[in-house]
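To start, the structure itself, in structure tokens.
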Amino acid sequence: MNGFFSQFLAVVNEMSPFLLLGFLIAGLLHVFVPAGFYRKFLSRDNKLSVLFAALLGIPLPLCSCGVIPTAIGLRNERASKGAVASFLIATPQTGIDSILATFSMMGLGFAIMRPAAALVTGICGGLLVNRLVPDDGMGETSVAEVTRASGNRLWRVLKYAYYDMIQDIGPRLLLGLLVAALINIAVPDEFFLTFGSQPLLQMLVILIVAVPMYICSTGSIPVAAALMMKGLSPGAALVMLMAGPAVNLASILVVRKSLGKRFTWIYLAVIVVFSVLFGLLANAIGIGAEIVPTGGAASGACCHSDAAPPQLWRTVCSVLLLIFITIALTMKFLSRFKKQEAVSGTHIYCVEGMHCNHCKAAVEKAALGIKGVTAAEVNLGAKTLSVTGTATEQQVHDAVEKAGFDFKGRQQ
């Protein structure tokens, strides 16, 4: 147990300064980028819109569940189908927070290759969709724009960075840190070395495990680094970092329902094929040379550099990160027991498929776009939507389903 706890603290110390910085940058992007900025560059049905979609999506801290309603919203706002595909594929693979965290744990090579692979994969997927998927009327109508939050901008930056984002990815990030520590302790040092001459087999095993699971782009980093220390090839680790965050079973089902079968097959095939190709490239050029099998569980973090933050600063950042995670997850847990009460003119509906604050915003936006709705509020913990106004249940059903979520009727 002492060894496990030491490994956990070592991984947290290695990542925490970069995670806190990444969260802060994400908060700045969220608050200071004007509403509609991204949509402005994605509405043209040409190659440039596909390129812009990938470039604009890469720094965004959206997971594979959060990116789905965002992409559907872009399509509803007349973004081209190729741009939507490019955004869907590139965005969840990385983000400004995960790029910094990748650099801290896995070195400069991985930190450069992750966004580069996301960019190429997104562009190729978008171009294929433009060529092979007919415009079948997706996004014929648009929903109303949600009024942007008001108030002190600094407070909004900090709240989004260290509360909203941590509520969204905190459980998976914490799970990733715990799994990484467990791998360092429990997995034999020679386990993946037995596959050393079969890199494609390693990648296939990783794909079988990673594709259906939900793995966030940041939480996957310590797991991939820990597996590399046990002999996993850099290419197979990159496959995990690309395919794991980019897709999961839930996102596949939602994409198929909202954007069509052919769109979904291209989306899935591009992620799988390009993750393997970039994995083979990573093995060929030898990235991740600083991460080597250690031969011992108590070896500490996977890699260290002379530019690493001082130990005291890393300890302070680790304490802050764990405090933020504790507060955010405690409040998220308590929200499950907070009941929304229906008052005159207000109805409460059950909605499935909401996993993060981006999902929450998408459902509220969809409800507010209904004529006659004056207010809409989601309780993410309880999976409920409170709607005030004259909208019928069928109208709410149609708006929620169009946004990519499952409408389950009125709360009993």
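None of the figures in this text is laboratory data; all of them are computed from the coordinates on show. Computed from a predicted model, the values in this text were never measured in an experiment. Positions of Cβ are backbone-derived with ideal geometry, glycine not excepted, and every protein chain shown enters the neighbour counts.
Which pairs break 23 Å Cα to Cα here: LYS360/LYS408; LYS159/LYS360; LYS81/LYS402; LYS81/LYS159; LYS257/LYS365; LYS261/LYS383? Don't jump to the answer; show the numbers that get you there.
Values: LYS360/LYS408 16 Å; LYS159/LYS360 16 Å; LYS81/LYS402 16 Å; LYS81/LYS159 33 Å; LYS257/LYS365 20 Å; LYS261/LYS383 27 Å.
Pairs exceeding 23 Å: LYS81/LYS159; LYS261/LYS383.
Label-to-label distance for ILE327 and LEU175 is 2.5 nm, based on points extended 7 Å past Cα in the beta-carbon direction.
Spacing of the modelled spin labels on VAL273 and GLN311, each 7 Å from Cα toward Cβ, amounts to 5.1 nm.
Whole-Hz Karplus values for segment 222-230 come out as x, 5, 4, 5, 5, 5, 5, 5, 9 Hz, taken residue by residue from phi with 6.51 cos²θ - 1.76 cosθ + 1.60 and θ = phi - 60°; glycine and proline positions read x. Couplings 3J(HN,Hα) for segment 316-327, derived from phi with the Karplus relation 6.51 cos²θ - 1.76 cosθ + 1.60 (θ = phi - 60°), are 4, 5, 5, 4, 4, 4, 5, 5, 4, 4, 4, 5 Hz, where x marks Gly and Pro. For the peptides 385-392, 154-161, 357-364, the ranking by packing is 357-364, 385-392, 154-161, with the highest mean count of neighbouring Cβ atoms within 10 Å listed first.
Compared with the alpha-carbon gap, the fully stretched path from THR346 to ALA186 is longer by 52.3 nm at 0.36 nm per residue.
Pairs of Cα atoms nearer than 8 Å and 6+ residues apart set the relative contact order; for segment 200-286 it is 38 percent.
Could you sort the peptides 328-335, 103-110, 200-207 by per-residue average Cβ neighbour count (10 Å cutoff), highest mean leading?
Numbers: 328-335: 13.6, 103-110: 21.8, 200-207: 19.2.
For the peptides 328-335, 103-110, 200-207, the packing ranking is 103-110, 200-207, 328-335.
Residue by residue, segment 255-272 carries 3J(HN,Hα) couplings of 4, 4, 5, 8, 10, x, 5, 5, 4, 5, 5, 5, 4, 6, 5, 5, 4, 5 Hz when phi is fed to the Karplus relation 6.51 cos²θ - 1.76 cosθ + 1.60 (θ = phi - 60°); x denotes Gly or Pro.
Using a simple spin-label model with pseudo-atoms 7 Å out from Cα toward Cβ, ALA284 and LEU200 lie 1.4 nm apart. Sorting the segments 347-355, 116-124 by their mean number of nearby beta carbons within 10 angstrom, highest to lowest, gives 116-124, 347-355.
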